[in-house]
């Protein structure tokens, strides 16, 4: 039954909603390499997730930059957050906090009125206050700058005895907005197109709550939780694999290139394929 429902879900997602616009302005993409130099996420041995996220996102950025049909932005580089975003988080901090709190209040009213039903989501670590401001700030920035898509780049992990321990899970998963969220359909279609490309080479996550590889979620700020992304802003979070599966440097760097190319192909298929 799950397999049948999954096939039906994919069929619905591939109903075209984005038309190719001849002579139109470029498609605006925001790339968000997850975490940063202060909070680097998962770690395996001496390999930090934040560095992996940046390496892959940078390769994807370079591919998109060469295609004039895209206008691409990236939140950070080797030195940290790029000036545009560092300034935004600093100068707009109070506005971001107000944006965050207003969104939370509105969502609580929707839940209380029965207009939004809370569901169980895959467990996620609680983010720090500063990280929360960054993520809500990115949603606010994406709305204001009319982004067509936001791609959050991550590598997965699962609790292990030590950072040197291999875990039992493997495979990729793409998180997308829950069906009650304003940007769910378009985000889901984009997720499905990238999924089909990555799945040519990589298996989907073997973690039972990520089985199938496409995972709806209503709590991740990155996806627009509390209604913080406009319907026109597609947003997905890609967990490209479990960090402890990339201990070999040569294999890891080869994977960056392949994954960036597959993601690029998925973006082109979604936005431009007739």
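The values are calculated or read from the model by the stated rules, or taken from the named source; none is laboratory data. Small disclaimer: the values here were computed from a predicted structure and weren't measured. Every residue, glycine as well, gets a Cβ built from its backbone with ideal geometry; the counts of neighbours run over all protein chains shown.
Of the conditions (1) farther than 16 Å from residue 153 by Cα; (2) in contact with a strand residue (DSSP E or B) (Cβ under 8 Å, 6 or more places away or on another chain), residue 245 clears all except one; give me its number.
Every listed condition holds for residue 245 apart from (2).
When you look at residue 155, is it closer than 15 Å to residue 207 by Cα, loosely packed, with under 12 Cβ neighbours inside 10 Å and either at pLDDT 95 or above or touching a helix residue (DSSP H, G or I) at 6+ places or on another chain (Cβ under 9 Å) (or both), yes or no?
no
Taking residue 265 as the residue in question, decide whether it is within 14 Å of the chain's Cα centre (by Cα) and either free of Cβ contacts under 8 Å to residues at least 24 places away in the same chain or assigned to a helix (DSSP H, G or I) (or both).
No: the conditions fail for residue 265.
Which residues, counting only those in the stretch 64-91, are closer than 13 Å to residue 37 by Cα, in a strand (DSSP E or B) and within 17 Å of the chain's Cα centre (by Cα)?
76 - this is the single residue of the stretch 64-91 that is closer than 13 Å to residue 37 by Cα, in a strand (DSSP E or B) and within 17 Å of the chain's Cα centre (by Cα).
Could you list, in sequence order, the residues of the stretch 226-254 that are in a helix (DSSP H, G or I) and in contact (Cβ under 8 Å) with a residue 24 or more places away in the chain?
226, 227, 243, 244, 245, 252, 253
Name the single residue that is surrounded by the fewest Cβ atoms within 10 Å (Cβ to Cβ) among those in the stretch 164-177 being within 24 Å of the chain's Cα centre (by Cα) and farther than 21 Å from residue 121 by Cβ.
168
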